[in-house]
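Just below is one structure, and these are the notes that go with it.
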Amino acid sequence: MQKKLYFENLDGLKFLCFLSVFFFHSFHTEFIILKNSPIYSFIKKDIFGNGNIGVNFFFVISGFLITFLLIEEKKLNGQISINKFWLRRILRIWPLFYFCVFFGFIIFPFLKHLLGQTPNETANYINYLTFTNNFDLIKLGLPDCSVLGVLWSIAIEEQFYFVWPLIIYFFSIKKLWIPFILIILVSILFRALNDSPIILEHHTLSCMGDMTVGALGAWLINMLPKFKTFVESFSKKTISFIYIIFVLIFFFRDELLLPIYGIRIFERILIASIILF
């Protein structure tokens with residue numbers, strides 16, 4: 001029986017990603033006194049203002065893990081089972097996702113009625129039923145129900161899970177680097193032609209570079225022993241340097257990467273590459 005692959009060291013990183021995103025969405029207030037407080041501004045903007053980078057981190061991890069596992073399956077069995085892969089994703093993600101959708105479109109408006117408020121949901125439920133709600137967010141803005149607003153990244157993950165096994169299935173393992181590089185280039189080109197904050201942050205073609213960088217890392221580790229040895233030989237100083245660069249980006253992303261158009265195009269790919277290492 002094949003031993004189940006498990007990367008224990010990723011558990012801590014996943015927790016930090018979650019914590020980063022959690023604090024990014026926390027500390028909301030409607031009290032003017034708090035909003036104007038320098039302490040509130042420091043915590044909300046200076047400390048956790050870039051907490052959404054945790055989503056980038058999750059995308060890279062997903063690309064790495066899914067690709068690594070699919071490559072291992074193809075090497076072991078000669079081919080991957082697309083249906084089994086999709087079934088595992090469905091059982092893992094759909095129940096909670098669709099519960100959140102049900103809450104957002106049914107329970108939340110009902111609760112607002114009970115409290116004497118008027119529901120004002122602008123989101124299109126069709127997009128949420130078909131995992132295309134990130135496009136709904138781009139077009140219509142944040143939904144009335146905040147629970148729906150945070151589901152955009154799940155939509156991109158599901159789009160990735162639908163397409164990725166097809167790529168692994170039809171390309172030989174040795175040639176997987178070709179579609180991976182092409183997808184990264186398409187993502188960069190798309191970002192160059194669509195320089196809008198909401199599109200750069202939420203569009204599938206902008207975000208897919210994160211996952212593909214993770215996937216490319218999994219392919220390099222699997223297929224090029226020299227690359228794996230190169231990474232394993234990193235000194236403590238090199239590892240510390242990588243972490244320092246990431247921390248600087250976490251706290252100073254707006255100042256370092258976003259003001260200049262030429263840098264902004266490659267921003268997600270740069271961050272994803274640092275996350276990969």
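The values are calculated or read from the model by the stated rules, or taken from the named source; none is laboratory data. Everything numeric here is computed off the predicted structure, so don't read it as measured data. Neighbour counts run over all protein chains shown; Cβ positions are idealised from the backbone, glycine included. Calculation scope for accessible area: heavy atoms of the full protein, side chains included, ligands and nucleic acids excluded. Shrake-Rupley method; radii C 1.70, N 1.55, O 1.52, S 1.80 Å.
Below is a table of values for the structure above.
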read-out: Complete set of residues in segment 140-196 that are more than 15 Å from Leu70 (Cα to Cα), β-branched (Val, Ile, Thr) and within 18 Å of the chain's Cα centre (by Cα); value: Val147, Val150, Ile154, Ile156, Ile183, Ile184, Val186, Ile188
read-out: Selection within segment 224-240 - in a helix (DSSP H, G or I) and either surrounded by 13 or more Cβ atoms within 10 Å (Cβ to Cβ) or of a type in the set (S, T, N, Q) (or both); value: Phe227, Lys228, Thr229, Val231, Thr238, Ser240
read-out: Every pair of residues 6+ apart whose Cβ atoms lie under 8 Å, when the first sits in segment 105-119 and is over 19 Å from Leu151 (Cβ atoms) while the second is in a helix (DSSP H, G or I) and not polar (S, T, N, Q); value: Thr118/Lys112
read-out: Segment 117-134 - residue that is farther than 21 Å from Tyr161 by Cβ, open to solvent by less than 80 Å² (accessible area, probe 1.4 Å) and of a type outside the set (Gly, Ala, Ser) and, of those, nearest to the chain's Cα centre (by Cα); value: Asn124
read-out: Counted residues, segment 215-243 - those being small (Gly, Ala, Ser) and more than 15 Å from Glu72 (Cβ to Cβ); value: 3
read-out: Hits in segment 213-238 (condition: at pLDDT 95 or above and of a type in the set (A, V, I, L, M)); value: Val213, Ala215, Leu216, Ala218, Leu220
read-out: Test: residue in segment 165-173 that is more than 20 Å from Ile61 (Cα to Cα) and touching a Phe, Trp or Tyr at 6+ places or on another chain (Cβ under 7 Å); value: no
read-out: Qualifying residue in segment 201-223 (condition: loosely packed, with under 13 Cβ neighbours inside 10 Å and part of a helix (DSSP H, G or I)); value: no
read-out: Residue count for segment 268-277, restricted to those that are at pLDDT below 95 and closer than 11 Å to Gly209 by Cα; value: 0
read-out: Identity of the residue in segment 138-147, at pLDDT below 95, part of a helix (DSSP H, G or I) and among the aliphatic types (A, V, I, L, M), that ends up surrounded by the fewest Cβ atoms within 10 Å (Cβ to Cβ); value: Leu140
read-out: Qualifying residue in segment 53-68 (condition: farther than 21 Å from Asn134 by Cα, without any contact (Cβ under 8 Å) to a residue 12 or more places away in the chain and out of contact with any Gly (no Cβ under 8 Å at 6 or more places or on another chain)); value: no
read-out: Residue that is least open to solvent (accessible area, probe 1.4 Å) [pool: residues in segment 155-198 that are among the small types (Gly, Ala, Ser) and in contact (Cβ under 8 Å) with a residue 60 or more places away in the chain]; value: Ser187
